[in-house]
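One structure, pasted below without further comment.
The values are calculated or read from the model by the stated rules, or taken from the named source; none is laboratory data. Computed from a predicted structure; not experimentally measured. As a convention, Cβ positions derive from the backbone with ideal geometry for all residues, glycine included, and neighbour counts pool all protein chains shown.
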Amino acid sequence: MSELPDWQIEIDAGAGRWQAEVNAAESLEALRSLEVQALGKQGEIPALMKRIPQILPQDRKGFGQAVNALQATVAAAIEVRRQALVETLIAAELNDTSFDPTQAALPLRVGHPHPLSTVQADIEAIFTSMGFHVLDYPEIESEFDNFEALNIPGWHPAREMQDTFWLESGHLLRTHTSSGQVRAMHEFKAPFRAIFPGKVFRYESTDASHEHTFHQVEGLMIDRKVTVGHLLDSMRTLLSAILQREVEIRLRPGYFPFVEPGFELDIRCQVCAGAGCSACKRRGWLELLPCGLVHPNVLRAGGLDPDEWQGWAFGLGLSRLVMMRYGVPDVRLLMGGDLRFLSQF
């Protein structure tokens with residue numbers, strides 16, 4: 001009878017040792033620790049394979065097969081022991097006199113959409129029905145798309161209006177969803193219409209109507225003939241549908257480098273009905289929707305001839321619109337993560 005090689009004796013002894021240790025494991029935690037020690041990436045059994053170069057060439061195949069068999073045997077023993085431990089735990093719970101299987105379960109608390117998500121979905125449905133694409137663009141933007149392409153070069157004072165979070169790479173966290181305008185012009189063949197909702201970021205002080213992270217919806221329409229009347233009609237349709245009532249708005253001149261002419265569309269504060277509150281800074285009106293006709297320089301940056309194509313654009317303050325819809329007095333509540341507040345919706 002031929003004598004077994006040393007490695008075979010070692011593997012056979014290991015099988016017996018691992019089996020004994022697995023059977024002795026008294027908890028799932030102890031069994032898991034054994035499993036990692038035996039079969040983990042840095043475990044003892046996988047480490048055996050690293051010894052193949054030290055094995056005689058004619059024995060290497062048998063050695064590899066023996067190690068694989070050991071691994072399978074130990075894994076099977078661990079699974080058997082795990083099932084036994086689980087059954088023991090279940091039996092202990094069933095035998096516990098303090099356990100009442102007839103007691104009603106705790107009520108299941110079902111989650112629900114965040115008010116921002118709800119209003120955004122409603123806006124998307126409204127604009128989709130009007131033939132708009134719904135697009136998604138990066139929150140980390142290039143300086144070109146966030147500023148340069150929107151007629152805001154490095155020396156332009158308008159950059160001071162949007163305090164920016166700059167990244168070490170030279171990129172930035174977008175300060176407005178307007179950064180998607182030129183991207184959309186390159187992505188779609190004119191004429192087209194699209195909205196692109198999302199988060200924006202500004203390095204500024206927070207108060208009841210300002211937050212460093214908030215939400216906007218950018219709208220863009222490109223066609224051969226576009227007027228301010230087209231823009232106002234779309235905005236009235238949107239606001240009436242979202243707020244589910246007729247609302248009072250006003251349009252006043254506003255300066256934004258990427259539109260000409262530019263406007264501020266304000267809404268009568270829905271929190272205080274125009275009487276004045278912290279949400280509207282005691283003015284009775286809330287700045288909601290900067291808008292205007294797309295500046296020729298922005299059309300050129302998008303690869304369009306301003307003598308042939310025109311457009312309107314708006315940057316809707318989604319967070320503020322949520323405040324107006326639900327009567328929320330402080331924008332910081334929307335991103336605060338307070339379940340007591342969110343459960344109201």
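Taking region 262-303 on its own, how many of its residues are part of a loop (DSSP other than H, G, I, E, B), touching a helix residue (DSSP H, G or I) at 6+ places or on another chain (Cβ under 7 Å) and under 23 Å from residue 232 (Cβ atoms)?
1
With the checklist (1) within 30 Å of residue 18 (Cβ to Cβ); (2) among the polar types (S, T, N, Q); (3) surrounded by 15 or more Cβ atoms within 10 Å (Cβ to Cβ) in hand, flag the one item residue 120 doesn't pass.
Here residue 120 clears every test but (1).
Name the residue that is farthest from residue 327 (Cα to Cα), counting only residues in region 205-237 that are hydroxyl-bearing (Ser, Thr, Tyr) and modelled with pLDDT of 85 or more.
Looking at the filtered set, the residue picked out is 227.
If residue 235 satisfies all but one of (1) crowded, with 20+ Cβ neighbours inside 10 Å; (2) in contact with a helix residue (DSSP H, G or I) (Cβ under 9 Å, 6 or more places away or on another chain); (3) not in a strand (DSSP E or B), what's the number of the condition it fails?
Only one criterion is unmet by residue 235, namely (2).
Any idea which of 262, 274, 292 is touching a strand residue (DSSP E or B) at 6+ places or on another chain (Cβ under 9 Å) and farther than 25 Å from residue 126 by Cα?
Of the residues listed, the single one that is touching a strand residue (DSSP E or B) at 6+ places or on another chain (Cβ under 9 Å) and farther than 25 Å from residue 126 by Cα is 274.
Moving to a separate point now. Just checking, how many residues over region 123-157 are within 26 Å of residue 190 (Cα to Cα), in a helix (DSSP H, G or I) and not small (Gly, Ala, Ser)?
11
Which ones in region 271-294 are surrounded by fewer than 22 Cβ atoms within 10 Å (Cβ to Cβ) and not aliphatic (A, V, I, L, M)?
272, 274, 276, 277, 278, 281, 282, 283, 284, 285, 287
Let me ask another. Considering only region 283-297, how many residues are of a type outside the set (Gly, Ala, Ser) and over 21 Å from residue 243 (Cα atoms)?
Qualifying residue count for the region: 5.
For residues in region 313-345 being assigned to a helix (DSSP H, G or I) and hydroxyl-bearing (Ser, Thr, Tyr), which is nearest to residue 110 (Cα to Cα)?
326
What are the residue pairs meeting all of these: first residue in region 309-336, first residue free of Cβ contacts under 8 Å to residues at least 12 places away in the same chain, second residue not charged (D, E, K, R), Cβ atoms under 8 Å, and 6 or more apart or on different chains?
Between residues of region 309-336 that are free of Cβ contacts under 8 Å to residues at least 12 places away in the same chain and residues that are not charged (D, E, K, R), the close pairs are 333/341.
Name the single residue, out of those in region 11-55 being closer than 15 Å to residue 68 by Cβ and of a type outside the set (A, V, I, L, M), that is surrounded by the most Cβ atoms within 10 Å (Cβ to Cβ).
Selected residue: 18.
Here's the yes/no breakdown for (1) assigned to a strand (DSSP E or B); (2) within 29 Å of the chain's Cα centre (by Cα); (3) loosely packed, with under 14 Cβ neighbours inside 10 Å; (4) charged (D, E, K, R):
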position: 183; (1), (2), (3), (4): no, yes, no, yes
position: 190; (1), (2), (3), (4): no, no, no, no
position: 198; (1), (2), (3), (4): yes, yes, no, no
position: 246; (1), (2), (3), (4): no, no, yes, yes
position: 256; (1), (2), (3), (4): no, yes, no, no
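Determine if region 295-303 includes at least one residue that is without any contact (Cβ under 8 Å) to a residue 12 or more places away in the chain and either in the same structural domain as residue 125 (by TED's automatic domain parsing) or charged (D, E, K, R) (or both).
Yes, region 295-303 contains a residue that is without any contact (Cβ under 8 Å) to a residue 12 or more places away in the chain and either in the same structural domain as residue 125 (by TED's automatic domain parsing) or charged (D, E, K, R) (or both).
If you don't mind, there's one more thing I want to ask. How many residues are under 28 Å from residue 339 (Cα atoms) and in contact (Cβ under 8 Å) with a residue 12 or more places away in the chain when one looks only at region 114-135?
Selection size over region 114-135: 9.
Answer with yes or no whether residue 139 is in contact with a strand residue (DSSP E or B) (Cβ under 8 Å, 6 or more places away or on another chain) and at pLDDT 90 or above.
Criteria met by residue 139.
Which residues, counting only those in region 26-63, are of a type in the set (D, E, K, R) and in contact with a Gly (Cβ under 7 Å, 6 or more places away or on another chain)?
Once the filter is applied, which keeps residues that are of a type in the set (D, E, K, R) and in contact with a Gly (Cβ under 7 Å, 6 or more places away or on another chain), region 26-63 yields nothing.
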